[in-house]
Amino acid sequence: AKALADDLDLPLEFVDSSFAQLIGDIEQARCDVAMFAVSITPERLRRLRFSDSYMASDVYAIALRNQQRVRCWEDIDQPQTIIAVARGTWHEQWLPQAMPSAQMRVLDTPSAREQELRSGRIDVFLTTYPFAVNLVREARWAQLIAPSRAVHVTSTGYATHFGRPRWAVRINRFVADIKRDGRLRAAATDHGLEAVIQP
């Protein structure tokens, strides 16, 4: 976001949003672009324009490090397992089909998932690689559980208003620029995300 503002020579303002509020925030012009690892899904493509993808991630689970019941991916889809997802994410539609035996809880914010996990009211929550890697790096209580094989890889892009095609072109040019000049790779390296960036 800072690199984009620098390229445009404009001040940068961050707006609080969420996956549940994403489409409304863009359609109501509360923000010009969503840059928080927004997965490109058919539902979102009906309402938003996306840049070319800059990253792709599978689904990952976060559990408490000190628990013993859910130690690997195959432990998750069990009748006694309670899985949390954030409202408005693609996990909300995907989980009931992918893990029909487990129980799902839909929470309003990503931070609510962490609170419910640490309180013991859920067993795991689902997220993407960037969030998972950052959380495990910063939180001693968090354990990352990766799928044993690819289960649902989604691409991410920067999302903009459908009615602003020239702006979408400019955002896409920014994506091409940061891929070409190395800024994307440098940012990914700084945050341990080299494995998921797309050339």
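All of the numbers you see were taken from the coordinates with simple rules; none came from a lab. Note that the structure is a prediction, hence the values are computed from the model and not measured. Cβ: placed from backbone, ideal geometry, glycine included. Neighbour counts: every protein chain shown.
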Distance between the range 73-94 and the range 22-70 - C-alpha centres, whole angstrom: 16 Å
Mean ellipticity per residue at 222 nm, deg cm²/dmol - from DSSP H runs of n ≥ 4 across the chain, formula -39500 (n - 2.57): -10000 deg cm²/dmol
DSSP beta bridge pairing in the chain, given as percent antiparallel to the nearest 5: 75 percent
Within-13-Å neighbourhood charge of Leu12 [Cβ basis; K, R +1; D, E -1]: -4
The chain, relative contact order in percent, only Cα pairs under 8 angstrom and at least six apart counted: 33 percent
In nm, spacing of pseudo-spin labels at Arg173 and Lys2 (7 Å Cα→C-beta vector): 2.4 nm
In degrees, nearest ten, helix 110-119 long axis to first principal axis of the chain (Cα): 20 degrees
Only Lys, Arg (+1) and Asp, Glu (-1) charged, at Cβ; the chain dipole about Cα centre in debye: 160 debye
Cβ crowding within 10 Å averaged over residues, with 183-196, 86-99, 122-135 ranked highest first: 122-135, 86-99, 183-196
(1) 198; (2) 146; (3) 118, with the label sought being that of the calculated volume of the Cα convex hull per residue in Å³: (3)
Charge dipole (the range 1-74, unit charges on Cβ, about Cα centre) - positive-most of Ser39, Ser17, Ile62: Ile62
Cβ-derived FRET efficiency at R0 22 Å, Arg71 paired with Arg118, nearest 0.05: 0.75
Cα-centre dipole for the range 97-149 with unit charges at Cβ (Lys and Arg positive, Asp and Glu negative), debye to 20: 120 debye
